[in-house]
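Asker: Shown below is the structure under consideration.
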Amino acid sequence: MQKSIRLVSGLYLKLSLLTVAVGLVLRVVLLFNEQTTSLAFSFGEWCEVFLLGAVNDFCAATAGFIFLWLFMLSVSRTKYKKPWGYILLALLVAAFCYVAFFNTIFDEYGSVAPRIALYVLGYWAGSFALRLFLPGFRSHWTTVWFALFIVVYVGAIIFNGISEYFFWSEFGVRYNFIAVDYLVYTNEVVGNIMESYPVIPMTLGIVVVTLLVTWYFFRSELVQTECLKGWRWKAVIGPAYVAALFAAIGLLNFNTRFQDSDNVYVNELQANGLYKFYDAFVKNTLDYEQFYLTRPEAEAEAFVHGVYQSTGDNLHAVRAEGEEIRRNIVLITMESMSASYMERFGNTERITPALDSLYKLGLAFDRVYATGNRTVRGLEAVTLSLPPCPGQSIIKRPNNAGMHSAGALLRDKGYNVTYFYGGNSYFDNMETFFSGNGYDIVDQKSYKPEEITFANIWGVCDEDAYRKVIRTLNEETRSGKPFFAHVMTVSNHRPFTYPAGRIRIPNDSKSRAGGVLYSDYSLGRFFAEAARQPWFENTIFLVTADHCASSAGRTEIPLQKYHIPALILAPGLIEPGVVDGIVSQIDLMPTLLSLLNMSYDSHFYGRSIFDPAYVNRAFIATYQDLGYLEGDTFTILSPVRRFEQYRVVPTEENPHHLEAMERKDAVQVDRAIGYYQTSCKWNKR
């Protein structure tokens, strides 16, 4: 037992000291980096940088040790004995078959994820079978994997040090939400890295250094795997490590209070990069004022107050002429419904016949742009009518209840307000957000078994969802109150499965075209059924999309990948017409409210297109790039206080074609800054 404890404690100490040593070297190097423009530190601040920095690195190493610790705990003879060995093998084989032959959550993330899961489970099941039936193989397997774990840990420590250097050279800080963002845009980031750095020589260098360091520091541990078997040492080390783990996490969190001074370099240098990455992932935020172009606070606020005739945090009065029209409201946000799928916008596959038909019956918007490229961004836009802030959507942030939402506004006016979602609304924090902002929720948990004819990992099919909407609205009309129903569809989403026999594209094709056509088919069925309901003639409908199906392109924000459909349909109220000017997704609900002559006090940045002061503009963003489109000028604000501007130059192939502007438009830059700077400040959560 003593030999086992010495092995584990020695390994933990060496890995921790290696982490601290790499962190020390990194801090010294970063002090001389061109991004570090000031070293006017006090004695106390120097102590924070190096002493607290070492403590933070040691704590991070303790937390990161958990995976190696779990592996060492798994080394035993017991798991191969009857019946446990056969039970474990049966579970692994069952998991492998499930991933291989059935639709799983891995299928929702593209073709690579399920293959990786399949290979991992296949290897795990196969290697366990070898160890179970060939006992002589066990010792060699444990030794090899023990060595690989140590190599991976050493390589990760060295690789992270080099990565943090390059990240600092670009942004002047430790990891933040931009680093988290890079995990979202993997293809673009990998391509950029391959083009920007000598990746192959660097990789070879890291591999060589990793192998040398591993052999020099850990060669004695690599041949001692036999002493990991048994349970006595685990009974001692296990509780001790758990206590150390909680202490390390607590200390890392406690030390963040020393990273809030006026000196950004002191704050960042003493922090641990990996913990900063975790913190950014949890908080989902990217501070606007720290990373983006700004104007003096009073100047930015004066600009917005001038645009909206507002005070404070953009509080302004929206007043309509005439009597308020008490119509029911149905807002439908269709999953991933790009405008490019429509025949109206040049598609020849005829996969949106219902949507194209509806476009001819209502107020049709030809140039609406989504604010982002995720469902939560679209929901945020139509619910809060705010420009997107950097980082994650407000919907996924904490403390997002009690905001000025369309639902809360309408509930105050006596409406029944309901959010309908075919899946489980805990996903993407939708349940917390909508319930905290004036909405009742009807999601998959609300369905009776007989109400579900087809479902996949994302929820019930759109037909079932629309039928649930109609049944619920029929019940709500008995209260005598008008209703506001916000419906979020799910079927146009990978794996693109839907009930058989509905459309011409087979339900097992798992193609995007099939998902689009089925979603459109369901929309047509919904309107056909809704038209037979007594409330239909007194209802106004808004149909749009949450975002497009893809957002990748040659520029940071390719406009054509944010172009979405939108139409407002109200029998007997709105004549068919076309809006051909630029409209933002955040303007759709204010426009609908104006058609109902609604007056209210507003914090919305969105405004009705019928407002005499309306300016055709759109807010379009990724997690870190903030775009502002006005006229033919597209301004993009980016971290490290950069901006780019493009001119929209339509071509036959792409009406949203962008060309870089050599001569910048300072007025448009100032307008973009004014909108984003104030919105991010006033809606910080």
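Asker: Name the single residue that is modelled with the lowest pLDDT among those in the stretch 70-92 being farther than 23 Å from Val144 by Cα and part of a helix (DSSP H, G or I).
Answerer: Trp84
Asker: Something else: For the stretch 438-476, give me each residue that is surrounded by fewer than 17 Cβ atoms within 10 Å (Cβ to Cβ), polar (S, T, N, Q) and within 23 Å of Ala408 (Cβ to Cβ).
Answerer: Ser446
Asker: Only one of Tyr109, Tyr119 is over 23 Å from Ser139 (Cβ atoms), modelled with pLDDT of 75 or more, hydroxyl-bearing (Ser, Thr, Tyr) and within 27 Å of the chain's Cα centre (by Cα); which?
Answerer: Tyr119 is the lone residue from the list that is over 23 Å from Ser139 (Cβ atoms), modelled with pLDDT of 75 or more, hydroxyl-bearing (Ser, Thr, Tyr) and within 27 Å of the chain's Cα centre (by Cα).
Asker: So which of Tyr623, Tyr646 is closer than 27 Å to Asn176 by Cβ and in a loop (DSSP other than H, G, I, E, B)?
Answerer: One residue alone meets the criteria, Tyr623.
Asker: Moving on. Taking Ser509 and the conditions (1) in contact (Cβ under 8 Å) with a residue 60 or more places away in the chain; (2) polar (S, T, N, Q); (3) over 18 Å from Asn538 (Cβ atoms), which numbered condition does it fall short on, given that it satisfies the others?
Answerer: Looking at each condition in turn, Ser509 falls short on (1).
Okay, residues lined up against (1) surrounded by 15 or more Cβ atoms within 10 Å (Cβ to Cβ); (2) of a type in the set (A, V, I, L, M):
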position	(1), (2)
Glu268	yes, no
Tyr278	yes, no
Thr294	yes, no
Glu299	no, no
Ser310	yes, no
His316	yes, no
Arg319	no, no
Glu324	no, no
Met334	yes, yes
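Asker: Something else: Please specify each residue of the stretch 144-172 satisfying the condition of being of a type outside the set (D, E, K, R) and more than 22 Å from Leu70 (Cβ to Cβ).
Answerer: Ile158, Gly161, Ile162, Ser163, Tyr165, Phe166, Phe167, Trp168, Ser169, Phe171, Gly172
Asker: Of all residues in the stretch 336-357, which are of a type in the set (Gly, Ala, Ser), part of a helix (DSSP H, G or I) and surrounded by fewer than 24 Cβ atoms within 10 Å (Cβ to Cβ)?
Answerer: Result: Ser340, Ala354, Ser357.
Asker: How about the stretch 648-657: which of its residues are in contact with a strand residue (DSSP E or B) (Cβ under 9 Å, 6 or more places away or on another chain) and more than 10 Å from Asp632 (Cβ to Cβ)?
Answerer: Correct list: Pro655, His656, His657.
Asker: Turning to a different aspect of this structure: Does Phe67 satisfy being in a helix (DSSP H, G or I) and outside the structural domain of Arg257 (by TED's automatic domain parsing)?
Answerer: No: the conditions fail for Phe67.
Asker: Go through the stretch 435-460 and give me each residue that's touching a residue at least 40 places away in the same chain (Cβ under 8 Å), in contact with a Gly (Cβ under 9 Å, 6 or more places away or on another chain) and either under 26 Å from Pro534 (Cβ atoms) or aromatic (Phe, Trp, Tyr) (or both).
Answerer: Within the stretch 435-460, Tyr439, Trp458 qualify.
Asker: Quick one: what pairs do we get from the stretch 160-181, first residue within 19 Å of Phe281 (Cβ to Cβ), second hydroxyl-bearing (Ser, Thr, Tyr) and not in a loop (DSSP other than H, G, I, E, B), C-beta under 8 Å, 6+ apart or different chains?
Answerer: Matching pairs, first to second residue: Phe177/Thr285.
Asker: When the residues of the stretch 17-60 are narrowed to those that are in a helix (DSSP H, G or I) and among the charged types (D, E, K, R), which ends up nearest to Trp168 (Cα to Cα)? Outline the logic, then answer.
Answerer: Taking the stretch 17-60 first, the residues in a helix (DSSP H, G or I) are 17-31, 43-60.
Retained after the next criterion (residues that are among the charged types (D, E, K, R)): 27, 45, 48, 57.
Details: Arg27: 11, Glu45: 19, Glu48: 19, Asp57: 17 Å.
Out of the qualifying residues, it is Arg27.
Asker: Checking the conditions here, which among Tyr466, Tyr518, Tyr498 is over 21 Å from Phe541 (Cβ atoms), aromatic (Phe, Trp, Tyr) and either part of a helix (DSSP H, G or I) or in the same structural domain as Thr375 (by TED's automatic domain parsing) (or both)?
Answerer: Testing whether each residue is over 21 Å from Phe541 (Cβ atoms), aromatic (Phe, Trp, Tyr) and either part of a helix (DSSP H, G or I) or in the same structural domain as Thr375 (by TED's automatic domain parsing) (or both) leaves just Tyr498.
Asker: Here is a follow-up. Hey, among the residues in the stretch 374-397 that are assigned to a helix (DSSP H, G or I) and among the hydroxyl-bearing types (Ser, Thr, Tyr), which one's surrounded by the fewest Cβ atoms within 10 Å (Cβ to Cβ)?
Answerer: Thr375
The values are calculated or read from the model by the stated rules, or taken from the named source; none is laboratory data. Please read all numbers here as calculations on a predicted model, not as lab measurements. Reconstructed Cβ throughout: ideal geometry from the backbone, glycine too, with neighbour counts over all protein chains shown.
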